[in-house]
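The values are calculated or read from the model by the stated rules, or taken from the named source; none is laboratory data. Keep in mind it's a predicted model, so treat the numbers as computed, not measured. When we count neighbours, we look across all protein chains shown, and the Cβ atoms used for this are built from the backbone with ideal geometry, even at glycine.
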Amino acid sequence: MKASEIMTSHDLWVIGESSDVIEVSRMMAEHNVGAIPVLDEMGRLEGIITDRDICCRVVALGKSYETPVRDIMSRSVQSVHPDTDLKEVEAIMRDRKVRRVPVVDEQMRLKGFIALADLARHIDSRKEARTVAEVLEDVSKD
């Protein structure tokens, strides 16, 4: 199975690098999401901002909520292409300990997102269920 077959490609909430923590936090709360891709002016993926980034890089350090997203976002984001095999997506989640992987085209424009929940929704067998459970366990380890 390919990434494009299970990725979420609708209701993708994105933000620009110059937006601040207040704006991205409100967006997360409004849409009940824990991560938002950060795009440049050309619509290319530049990074991702998570609720954890806000907690650890703003609140814990006493930074201003007006801090631009570009100053606290995670820049080293592992993305995949729509034709990437799900086994590779699972390996990325395990190895990088991430719960979400952006799906981009050749120009790094966001096409979708694969979250652990997307993997779980597409389980067809007990073996696949065990694999998703293993990915979840690996992602959750310290």
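Summed over the range 44-71, the residues that are within 28 Å of Gln107 (Cβ to Cβ) and in contact with a strand residue (DSSP E or B) (Cβ under 7 Å, 6 or more places away or on another chain) give a count of 10. Could you check, for the range 82-89, whether at least one of its residues is modelled with pLDDT of 95 or more, assigned to a loop (DSSP other than H, G, I, E, B), surrounded by 18 or more Cβ atoms within 10 Å (Cβ to Cβ) and not hydrophobic (A, V, I, L, M, F, W, C)? Scanning the range 82-89 turns up at least one residue that is modelled with pLDDT of 95 or more, assigned to a loop (DSSP other than H, G, I, E, B), surrounded by 18 or more Cβ atoms within 10 Å (Cβ to Cβ) and not hydrophobic (A, V, I, L, M, F, W, C). Of the residues making up the range 48-81, those that are closer than 27 Å to His122 by Cβ, part of a loop (DSSP other than H, G, I, E, B) and not polar (S, T, N, Q) number 2. Within the range 24-59, the set of residues being of a type in the set (D, E, K, R) and surrounded by 16 or more Cβ atoms within 10 Å (Cβ to Cβ) comprises Glu46, Asp53, Arg57. Remark: Arg70 falls outside the filter, which requires a residue to be more than 23 Å from Glu23 (Cα to Cα), touching an Asp or Glu at 6+ places or on another chain (Cβ under 6 Å) and surrounded by 14 or more Cβ atoms within 10 Å (Cβ to Cβ).
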